[in-house]
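The values are calculated or read from the model by the stated rules, or taken from the named source; none is laboratory data. Since the structure is predicted, the reported quantities are computational estimates derived from the model, not experimental observations. Cβ placement follows ideal geometry from the backbone for every residue including glycine, while neighbour counts extend to all protein chains displayed.
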Amino acid sequence: MLLRVVDLHKRYGREEVLKGVSFFLEKGETKVIIGPSGTGKSTLLRCINRLTEPDRGRIWLEDVEITSPKVNINRIRAQIGFVFQDFNLFTHLTALDNVRLGLMRVKGMGKKEATARALQELARVGLADKAKAYPAELSGGQQQRVSIARALAMDPKLILFDEPTSALDPELIGEVLAVMEDLAKSGMTMLVVTHEMGFARSVADEIIFMEKGVILEQGPPEQIFYSPKHPRTAEFLRRITDLYGGNR
Amino acid sequence: MNLALLGGLLGLGFVLGVLIAILEVYGPKILRLCASVYTWVFRSIPEILLLLLVWFGPSQFGVQISPFFAAVLALGLRSSAYQAEIFRGALQSIPSGQTLAARALGLSRLGTIRHILLPQALRLSLAGWGNEFAVVLKDTTLAYAIGVVEVMRQARYIASRNFPLTLPAYILVALLFLAATYFGLFVIGKLEERLRIPGLEARR
């Protein structure tokens with residue numbers, strides 16, 4: 001088991017955002033988390049690399065307990081890629097520098113080696129020609145692809161995607177999803193929060209439906225989309241398809 | 001002499017200012033409080049008084065410091081408080097997503113400040129820093145009060161020995177300051193232009 005989350009709790013003030021979430025991820029697996037806004041999906045992702053500290057519960061990455069107070073969290077984070085909704089590229093650095101920063105400053109790689117690796121990852125997301133461009137010169141879709149390259153360069157065991165296409169114009173969503181689909185096929189382990197139901201249906205090995213801080217249902221896409229066991233899952237999917245149209 | 005003073009006080013002010021700004025924004029609570037008290041104190045005391053305090057203070061305890069050093073120290077401490085506020089504003093204007101992304105990569109808190117936040121903050125500070133430069137350049141004439149032989153004092157020498165030259169001497173000093181300010185702001189403007197990030201902000 002690559003990632004194991006057990007009974008995770010998180011509270012912001014009086015509101016309990018996560019009320020005991022447990023699941024696991026096998027190596028090479030892609031799981032997609034769906035559910036209404038404000039149900040703790042993003043909080044869950046951020047608890048996994050402890051950008052947000054969980055209140056209770058335990059998380060393991062392979063045999064290392066991430067939630068242990070003794071763990072070197074920076075070393076753990078270097079092994080877990082994180083792709084943000086609004087990209088969060090470093091605005092003062094070129095695409096190339098964004099991708100090689102972690103290699104040089106976290107992994108201590110030499111400049112030459114880091115540059116070669118970064119260029120390789122940029123090429124992988126189709127942006128080899130944009131290495132010298134600054135984030136502000138790139139479209140949203142290109143920025144998100146650079147941020148995926150930034151995560152990939154670190155050779156992560158797992159990549160967390162927090163609504164990676166929600167900040168994008170509709171015509172730019174496809175290029176990002178295509179990169180993610182390729183990644184999933186290449187055997188990368190991925191945990192994706194998204195409202196892109198087409199992506200969930202065709203790429204996910206398993207879908208997790210979350211509402212109000214708990215997992216209501218999880219299973220293969222066929223089950224979730226065609227014969228959901230929980231009435232709330234069915235209702236949510238109906239609303240989503242009404243909103244976005246049936247082919248997504 | 002004024003330029004040496006300026007260099008000394010700006011340098012001291014810069015180093016202290018950056019440190020204090022970092023403490024004010026990212027430091028633990030107690031240090032944050034200390035930093036706030038520091039900027040409050042050094043922005044409150046009139047410069048001329050600060051100069052006299054730093055100059056006369058140590059001599060009361062038998063420590064003799066040169067007027068030049070006293071002037072650099074007093075004006076530098078004052079400038080560091082103002083510079084700290086410039087850098088603090090810049091640091092706080094950087095979106096929190098930058099920090100999140102850096103930490104998510106595995107950078108430490110210090111690494112994040114050094115490689116992500118500080119480079120952006122210093123660039124954003126340039127315009128405000130140019131203003132501070134223009135202010136403290138003129139403040140160097142205050143060192144005259146504690147006997148530093150700077151340009152104002154020399155103008156006074158000339159005036160006292162040769163009365164008809166009083167006005168020309170002062171006008172000459174004024175012109176020197178005009179030129180120095182122009183040159184300094186020109187260099188800072190060039191720096192801003194060079195550090196401009198393509199696509200990110202409006203051109204001047």
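I'd like to check something: does the range A:9-18 contain any residue that is surrounded by fewer than 14 Cβ atoms within 10 Å (Cβ to Cβ) and in a strand (DSSP E or B)? Break it down stepwise before answering.
Step one: list which residues in the range A:9-18 are surrounded by fewer than 14 Cβ atoms within 10 Å (Cβ to Cβ), which gives A:12-15.
Now narrow it down to the ones that are in a strand (DSSP E or B): A:12, A:15.
Scanning the range A:9-18 turns up at least one residue that is surrounded by fewer than 14 Cβ atoms within 10 Å (Cβ to Cβ) and in a strand (DSSP E or B).
Residues that are at pLDDT 85 or above and of a type in the set (Gly, Ala, Ser) within the range B:160-204 comprise B:160, B:174, B:179, B:180, B:184, B:189, listed in sequence order. Residues considered: A:71, A:6, A:21. Of these, the only one that is assigned to a strand (DSSP E or B), among the β-branched types (Val, Ile, Thr) and surrounded by fewer than 18 Cβ atoms within 10 Å (Cβ to Cβ) is A:6. Every condition in (1) farther than 16 Å from residue A:192 by Cβ; (2) within 14 Å of chain B (Cβ to nearest Cβ); (3) out of contact with any strand residue (DSSP E or B) (no Cβ under 7 Å at 6 or more places or on another chain) holds for residue A:70 except the one numbered (2). Within the range A:209-224, the residues that satisfy the criterion of being under 21 Å from the mean Cα position of the chain (by Cα) and not charged (D, E, K, R) are A:209, A:210, A:213, A:214, A:215, A:216, A:218, A:219, A:220, A:221, A:224.
Of everything listed in (1) touching a helix residue (DSSP H, G or I) at 6+ places or on another chain (Cβ under 6 Å); (2) part of a loop (DSSP other than H, G, I, E, B); (3) of a type in the set (A, V, I, L, M, F, W, C), the single unmet condition for residue A:33 is (2). For residue A:241, are the conditions met, namely being more than 25 Å from residue A:82 (Cα to Cα) and β-branched (Val, Ile, Thr)? Taking the combined requirement at face value, the residue satisfies it. Considering the conditions (1) in a loop (DSSP other than H, G, I, E, B); (2) within 14 Å of another protein chain (Cβ to nearest Cβ); (3) within 16 Å of the chain's Cα centre (by Cα), residue A:27 is excluded by exactly one of them, (2).
Counting just the residues of the range A:107-137 that are facing another protein chain (nearest Cβ under 10 Å) and crowded, with 20+ Cβ neighbours inside 10 Å, which one comes out farthest from residue A:173 (Cα to Cα)? Spell out the reasoning first.
Step one: list which residues in the range A:107-137 are facing another protein chain (nearest Cβ under 10 Å), which gives A:107, A:132-137.
Keeping just the survivors that are crowded, with 20+ Cβ neighbours inside 10 Å gives A:134-135.
Values: A:134: 20, A:135: 17 Å.
Filtering the range A:107-137 for residues that are facing another protein chain (nearest Cβ under 10 Å) and crowded, with 20+ Cβ neighbours inside 10 Å, the one farthest from residue A:173 (Cα to Cα) comes out as A:134.
Does residue A:52 meet the test of being assigned to a loop (DSSP other than H, G, I, E, B), more than 21 Å from residue A:233 (Cα to Cα) and not basic (Lys, Arg)? Yes; evaluated as a whole, the condition is true for this residue. For the range B:1-57, the set of residues classified as without any contact (Cβ under 8 Å) to a residue 60 or more places away in the chain and not in a helix (DSSP H, G or I) consists of B:27, B:28, B:45, B:46, listed by residue number.
Would you check if there is a residue in the range B:63-80 being within 14 Å of another protein chain (Cβ to nearest Cβ), out of contact with any Pro (no Cβ under 7 Å at 6 or more places or on another chain) and surrounded by fewer than 19 Cβ atoms within 10 Å (Cβ to Cβ)? Walk me through it before giving the result.
Initial filter on the range B:63-80 (within 14 Å of another protein chain (Cβ to nearest Cβ)): none.
No, the range B:63-80 contains no residue that is within 14 Å of another protein chain (Cβ to nearest Cβ), out of contact with any Pro (no Cβ under 7 Å at 6 or more places or on another chain) and surrounded by fewer than 19 Cβ atoms within 10 Å (Cβ to Cβ).
Could you tell me whether the range B:83-98 includes any residue that is touching a helix residue (DSSP H, G or I) at 6+ places or on another chain (Cβ under 9 Å) and at the interface with chain A (Cβ under 8 Å from one of its Cβ atoms)? Scanning the range B:83-98, I find at least one residue that is touching a helix residue (DSSP H, G or I) at 6+ places or on another chain (Cβ under 9 Å) and at the interface with chain A (Cβ under 8 Å from one of its Cβ atoms), so the answer is yes.
As a summary of the residue check, residue A:58 satisfies the conditions (1) in a strand (DSSP E or B); (2) within 14 Å of chain B (Cβ to nearest Cβ) except for the one numbered (2).
Of the conditions (1) within 14 Å of chain B (Cβ to nearest Cβ); (2) over 28 Å from residue A:200 (Cβ atoms), residue A:158 clears all except one; give me its number. With respect to (1) within 14 Å of chain B (Cβ to nearest Cβ); (2) over 28 Å from residue A:200 (Cβ atoms), residue A:158 is out only on (2).
What's the number of the only condition in (1) at pLDDT below 90; (2) in a helix (DSSP H, G or I) that residue B:84 fails to meet? Of everything listed in (1) at pLDDT below 90; (2) in a helix (DSSP H, G or I), residue B:84 misses just condition (1).
Right, residue A:98: in contact with a helix residue (DSSP H, G or I) (Cβ under 6 Å, 6 or more places away or on another chain), crowded, with 20+ Cβ neighbours inside 10 Å and farther than 23 Å from residue A:172 by Cα or not?
Details: in contact with a helix residue (DSSP H, G or I) (Cβ under 6 Å, 6 or more places away or on another chain): yes; crowded, with 20+ Cβ neighbours inside 10 Å: yes; farther than 23 Å from residue A:172 by Cα: no.
Spelling it out, it is not the case that residue A:98 is in contact with a helix residue (DSSP H, G or I) (Cβ under 6 Å, 6 or more places away or on another chain), crowded, with 20+ Cβ neighbours inside 10 Å and farther than 23 Å from residue A:172 by Cα.
Quick check: anything in the range B:81-89 more than 15 Å from residue B:17 (Cα to Cα) and among the small types (Gly, Ala, Ser)? Among the residues of the range B:81-89, not one is more than 15 Å from residue B:17 (Cα to Cα) and among the small types (Gly, Ala, Ser), which makes the answer no. Test residue B:147 against the stated conditions and say whether it is more than 14 Å from every other protein chain (Cβ to nearest Cβ) and either of a type in the set (Phe, Trp, Tyr) or touching a Leu at 6+ places or on another chain (Cβ under 6 Å) (or both). Spelling it out, it is not the case that residue B:147 is more than 14 Å from every other protein chain (Cβ to nearest Cβ) and either of a type in the set (Phe, Trp, Tyr) or touching a Leu at 6+ places or on another chain (Cβ under 6 Å) (or both). Name the pairs: first residue in the range B:82-105 and over 14 Å from residue A:98 (Cα atoms) and acidic (Asp, Glu), second residue buried (at least 19 other Cβ atoms within 10 Å of the Cβ) and modelled with pLDDT under 95, Cβ to Cβ under 7 Å, at least 6 apart or on different chains? That search, which allows pairs on different chains as well, returns B:85/B:39.
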